[in-house]
Amino acid sequence: MTVAIKKVGVIGSGQMGNGIAHVAALAGFDVVLNDVSGDRLKSALATINGNLTRQVAKKAISENERKQALDRIASAESIDTLADCDLVIETAVEKEETKRKIFHDVCAVLKPEAIVATNSSSISITRLAASTDRPEKFIGIHFMNPVPAMELVELIRGIATDDTTFDTAKAFVAKLGKQVAVSEDFPAFIVNRILLPMINEAIYTLYEGVGNVEAIDAAMKLGAHHPMGPLELADFIGLDTCLSIMQVLHEGLADSKYRPCPLLVKYVEAGWLGRKSQRGFYDYRGDKPIPTR
Ligand SMILES: CC(=O)CC(=O)SCCNC(=O)CCNC(=O)[C@H](O)C(C)(C)COP(=O)(O)OP(=O)(O)OC[C@H]1O[C@@H](n2cnc3c(N)ncnc32)[C@H](O)[C@@H]1OP(=O)(O)O
Ligand SMILES: NC(=O)C1=CN([C@@H]2O[C@H](COP(=O)(O)OP(=O)(O)OC[C@H]3O[C@@H](n4cnc5c(N)ncnc54)[C@H](OP(=O)(O)O)[C@@H]3O)[C@@H](O)[C@H]2O)C=CC1
């Protein structure tokens, strides 16, 4: 059994939030995009418009579809604006305390039957669900970056997630035109359990001087046909997010093979978070990215 979803709230308007709002609006859902920062909301709407315009140029959608999708997205700095949403997807920073606070605030205004989801990359769905007033209506809906281009969404049930919530989330993902992979609720789920140790190993390879940034990325692009090199991809994901995921793996599985590379820690401590801060394993402030090591 599924419940009808008409209005979707998206909390956090960073790179994932704007992508989720984009694909949900294009699929015909009314969307409320929420963020603590008004400037972030403005730049998210500009990014969505830019990505929709590129889709028009590529003839993937019509000009009318672009306009209708944009009209379906309302932006709001207050969480109260999400009160009449049928589904809320939290996609703020990968910090458990921030997410818990958001769930506390949003559940206080939502109708009791609304479904609450997280786009967390790694954190236990069962533990996040237990911090809400509705663990049975809580689920992990984990999109991949960039959301408009990636086909996959992972669905992760917490221990209490009921069948209606799971079936409704599955139907929602299908309406977005994406494929589902179901993952058990283990640290970092499937994609990041495999991908992030590979990225962390690439950073160790750099740290130990086996190769420089350019050599490591070229090796994996040309030698293993990856669309992006692992360091380029780390910058794209965000080095803060990469570190948080490695910490969840390290703590959650208690195995030293998941130890975050000290160089990753150093970059995050420097505020070099990758593309979003203009500097990471590459410096993006000039015309073209320049390796920083
Ligand atoms: C951390 C987590 O929790 C989970 C994760 O997401 S892990 C990260 C997973 N993502 C990846 O591994 C991405 C790896 N990279 C790629 O697949 C490719 O480099 C890429 C899809 C990003 C770009 O591909 P490309 O061939 O170089 O570029 P391009 O041809 O311009 O774009 C391909 C498509 O992506 C879209 N796209 C590219 N960048 C985009 C962006 N930043 N935002 C939205 N759409 C984007 C383009 O519009 C294009 O769409 P169409 O196919 O509909 O025309
Ligand atoms: N990056 C990736 O490749 C992927 C990330 N994810 C997950 O998605 C989530 C978001 O990641 P991403 O979009 O990359 O991160 P970003 O840093 O790009 O965006 C996070 C956004 O959330 C905002 N925010 C912070 N606190 C709150 C709050 N209390 N209420 C509302 N908004 C808030 C931030 O605002 P401000 O900057 O002002 O603090 C920022 O705009 C994380 O859980 C991440 O693990 C999932 C799949 C892929």
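The values are calculated or read from the model by the stated rules, or taken from the named source; none is laboratory data. Please read all numbers here as calculations on a predicted model, not as lab measurements. In this analysis, Cβ positions are derived from the backbone assuming ideal geometry, glycine residues included, and neighbour counts consider all displayed protein chains.
Within the stretch 199-215, the set of residues being under 18 Å from G238 (Cα atoms) and touching a Gly at 6+ places or on another chain (Cβ under 7 Å) is empty.
Conditions tested, residue by residue: (1) under 14 Å from N119 (Cα atoms); (2) without any contact (Cβ under 8 Å) to a residue 60 or more places away in the chain.
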| position | (1), (2) |
| --- | --- |
| L155 | yes, yes |
| T161 | no, yes |
| F166 | no, yes |
| M198 | no, yes |
| V213 | no, no |
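Count of the stretch 272-293 residues, restricted to those that are of a type in the set (K, R) and either in contact with an Asp or Glu (Cβ under 8 Å, 6 or more places away or on another chain) or more than 15 Å from I237 (Cα to Cα) (or both), is 4. Within the bounds of the stretch 13-21, is there any residue that is among the small types (G, A, S) and either over 25 Å from K170 (Cα atoms) or modelled with pLDDT under 95 (or both)? Taking every residue of the stretch 13-21 in turn, none turns out to be among the small types (G, A, S) and either over 25 Å from K170 (Cα atoms) or modelled with pLDDT under 95 (or both).
For the stretch 140-172, the set of residues classified as away from ligand 1 (no atom under 16 Å from the Cβ) and in a strand (DSSP E or B) consists of R157 only. Checked against the criterion of being over 30 Å from A188 (Cβ atoms), within 12 Å of ligand 2 (Cβ to nearest atom) and in contact (Cβ under 8 Å) with a residue 60 or more places away in the chain, the stretch 86-93 contains not a single residue that satisfies it. Of L243, L239, L233, all but one fail to be within 27 Å of I125 (Cβ to Cβ), within 12 Å of ligand 2 (Cβ to nearest atom) and in contact with a Phe, Trp or Tyr (Cβ under 6 Å, 6 or more places away or on another chain); the exception is L239. Considering E151, E94, the condition of being under 18 Å from the mean Cα position of the chain (by Cα) and buried (at least 16 other Cβ atoms within 10 Å of the Cβ) is satisfied by E94 alone. The residue that is surrounded by the most Cβ atoms within 10 Å (Cβ to Cβ), among those in the stretch 1-12 that are among the small types (G, A, S) and more than 14 Å from ligand 1 (Cβ to nearest atom), is G9. Take the conditions (1) out of contact with any Leu (no Cβ under 7 Å at 6 or more places or on another chain); (2) within 22 Å of V106 (Cβ to Cβ); (3) aliphatic (A, V, I, L, M); A169 misses just one of them, which is (1). Taken as a whole, the structure places F189 among residues that are buried (at least 22 other Cβ atoms within 10 Å of the Cβ) and either within 12 Å of ligand 1 (Cβ to nearest atom) or of a type in the set (A, V, I, L, M, F, W, C) (or both). Of the residues that sit in the stretch 154-181 and are over 28 Å from N51 (Cα atoms) and surrounded by fewer than 15 Cβ atoms within 10 Å (Cβ to Cβ), which one is nearest to ligand 2 (Cβ to nearest atom)? Only one residue tops the list, namely I159. Taken as a whole, the structure leaves E136 outside the set of residues that are away from ligand 1 (no atom under 16 Å from the Cβ), surrounded by fewer than 17 Cβ atoms within 10 Å (Cβ to Cβ), in a loop (DSSP other than H, G, I, E, B) and touching a residue at least 12 places away in the same chain (Cβ under 8 Å). The set of residues in the stretch 92-111 being in a loop (DSSP other than H, G, I, E, B) and hydrophobic (A, V, I, L, M, F, W, C) consists of A92, V93, L110.
In contact with a helix residue (DSSP H, G or I) (Cβ under 7 Å, 6 or more places away or on another chain) and either within 17 Å of S121 (Cβ to Cβ) or assigned by TED's automatic domain parsing to the domain that holds E96 (or both): is that true of R259 in this structure? No. Once the stretch 216-237 is narrowed to residues that are farther than 17 Å from G280 by Cβ and of a type in the set (A, V, I, L, M), the residue that is surrounded by the most Cβ atoms within 10 Å (Cβ to Cβ) is A219.
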